[in-house]
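Encoded as structure tokens, the structure appears first; notes follow it.
The values are calculated or read from the model by the stated rules, or taken from the named source; none is laboratory data. Only a predicted model underlies this, so the values are computations on that prediction, with no experimental measurement involved. Virtual Cβ from ideal backbone geometry, glycine too; neighbours counted across all protein chains shown.
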Amino acid sequence: MASAGGTRQVCIVGGGPAGLAAAIALRLEGFPVTVADSAQPPVDKACGEGLMPDSVEALESLGVKIPKGTGYPVRGVAFINGQAMLTGDFSKNTARGLRRTALHELLVRRASDLGVQLLWNARGVRIDQDGLLVNGSRLTATVVVGADGQNSRVRRDGGLSAVRHAQRRYGFRRHYRIAPWSDYVQLYWGRDCQVYVTPIAENEVGVALISGSPHFRLDQALGEFPNLQRRLEAAERSSREMGSVTGSRVLRRVSRPGMALVGDASGTVDAITGEGMRISFQQAIALAKACKAGDLFQYELAHRELRQRPNIMAAVMLLLARHDGFRRRAFSSLSERPEMFQRLLAVHIGESGFRKLLSWRLLPLGVTFLTA
């Protein structure tokens with residue numbers, strides 16, 4: 001393990017996936033790390049629970065390996081709009097559907113094995129001049145990391161709450177005891193909502209709803225997708241419905257001297273992209289490198305770069321979500337050229353770049369789109 005030198009302690013507020021990933025990455029760079037969280041593991045949250053290939057690879061770079069038989073292998077992504085369906089396969093056989101609690105347990109175990117001090121059920125956590133106050137005790141820290149979610153107190157108290165852009169939506173998730181009928185993550189497109197179905201075990205799927213209303217719930221949404229509703233109506237519900245805020249939030253800054261933000265505390269990308277975990281893990285790695293270099297501005301730049309591709313893809317997908325006619329024409333055009341959907345998927349998960357799409361091959365697709 002590389003030496004960070006001296007006793008440059010890092011304190012992290014928030015022990016979810018982003019905070020634990022940051023703790024692991026910082027320990028791998030030699031930093032003493034303490035994580036404080038008011039909850040007790042495993043910590044759950046409403047999310048789609050699909051780990052795309054780049055998410056799995058980021059985890060593996062942190063030494064977090066998903067054991068064989070844990071979760072469910074995912075072949076690719078399927079977009080379903082009425083009777084039309086587009087499918088794209090991942091080029092790497094690494095994607096996995098995985099319960100959020102199982103992922104949390106893997107991260108906790110890895111952090112503990114590396115010697116991260118984990119303070120669960122922490123109370124009275126707040127920023128102090130020299131670090132943190134936790135349970136009435138002072139923890140001295142060179143850097144305080146806010147990984148405490150969308151309503152981050154660290155962000156607020158640290159003066160990092162200024163927003164460039166914000167758009168709020170809502171997500172709800174429930175699990176069903178039923179054998180997966182597809183090895184794709186399926187995204188069903190409705191008039192005012194989207195529903196993800198992720199296989200997470202041999203006998204279980206996760207179903208997640210995203211919409212613009214906090215009052216529009218899964219049972220209502222499934223009425224827009226009769227085929228999916230029929231599959232699930234006889235299945236046992238294996239978890240309660242859980243909700244959370246999603247959407248897009250871009251902050252003006254994610255760091256200042258002695259402080260940085262990661263995960264949802266540092267901004268969000270709409271859950272429709274399925275990129276939340278990947279971004280958090282890669283932010284954690286970038287933060288650790290910046291701390292080792294003693295230059296948090298390096299993290300600021302890396303954070304902006306990590307957001308560029310998912311921000312573009314979120315804008316495209318939300319355009320499809322808002323306009324039924326546009327979505328219908330897009331599905332029709334891509335159905336005529338399935339290889340283009342495959343290329344778009346490759347760009348979406350970082351296996352290819354946008355430049356490869358900006359070629360003459362897009363012209364026939366454009367003509368098909370305009371005449372669909």
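Miscellaneous remarks
- Qualifying residue in segment 148-157 (condition: under 30 Å from Y196 (Cα atoms) and of a type in the set (D, E)): yes
- Subset of segment 99-122 (residues that are under 16 Å from H175 (Cβ atoms) and not in a helix (DSSP H, G or I)): R99
- Counting only residues that are surrounded by fewer than 17 Cβ atoms within 10 Å (Cβ to Cβ) and not in a helix (DSSP H, G or I), segment 308-349 holds 2 of them.
- Checking T246 against (1) at pLDDT below 95; (2) farther than 30 Å from V143 by Cα, the condition it does not meet: (2)
- Answer residue from segment 106-122, given it is exposed (fewer than 15 other Cβ atoms within 10 Å of the Cβ) and charged (D, E, K, R) and is farthest from G15 (Cα to Cα) among those: D113
- Options L86, L103, L59: the member that is under 20 Å from M242 (Cβ atoms) and modelled with pLDDT of 95 or more: L103
Table: residues versus (1) in a helix (DSSP H, G or I); (2) surrounded by fewer than 16 Cβ atoms within 10 Å (Cβ to Cβ); (3) in contact with an Asp or Glu (Cβ under 7 Å, 6 or more places away or on another chain).
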site: I210; (1), (2), (3): no, no, no
site: S213; (1), (2), (3): no, yes, no
site: L222; (1), (2), (3): yes, no, no
site: N227; (1), (2), (3): yes, yes, no
site: T246; (1), (2), (3): no, no, yes
site: A260; (1), (2), (3): no, no, no
site: R278; (1), (2), (3): yes, no, yes
site: Q282; (1), (2), (3): yes, no, no
site: A288; (1), (2), (3): yes, no, yes
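- Matching strands (runs of 3 or more DSSP E) fully within segment 136-177 where at least 1 residues are without any contact (Cβ under 8 Å) to a residue 12 or more places away in the chain: 137-140
- Flag for E305 being modelled with pLDDT of 90 or more, under 25 Å from S55 (Cα atoms), surrounded by fewer than 16 Cβ atoms within 10 Å (Cβ to Cβ) and within 23 Å of the chain's Cα centre (by Cα): yes
- Any hit, segment 187-205, residues being acidic (D, E), under 26 Å from F90 (Cβ atoms) and not in a strand (DSSP E or B): yes
- Among the candidates V207, V250, V185, V195, residue that is of a type in the set (A, V, I, L, M) and more than 25 Å from R75 (Cβ to Cβ): V250
- Hits in segment 75-103 - residues which are within 16 Å of the chain's Cα centre (by Cα) and surrounded by fewer than 20 Cβ atoms within 10 Å (Cβ to Cβ): T101, A102
- Subset of segment 311-347 [within 11 Å of T87 (Cα to Cα) and in contact with an Asp or Glu (Cβ under 9 Å, 6 or more places away or on another chain)]: Q342, L345
- The one condition in (1) touching a residue at least 40 places away in the same chain (Cβ under 8 Å); (2) among the acidic types (D, E); (3) under 22 Å from A18 (Cβ atoms) that D183 fails to fulfil: (3)
- Selection count, segment 20-65, where residues are in a loop (DSSP other than H, G, I, E, B) and over 17 Å from the mean Cα position of the chain (by Cα): 12
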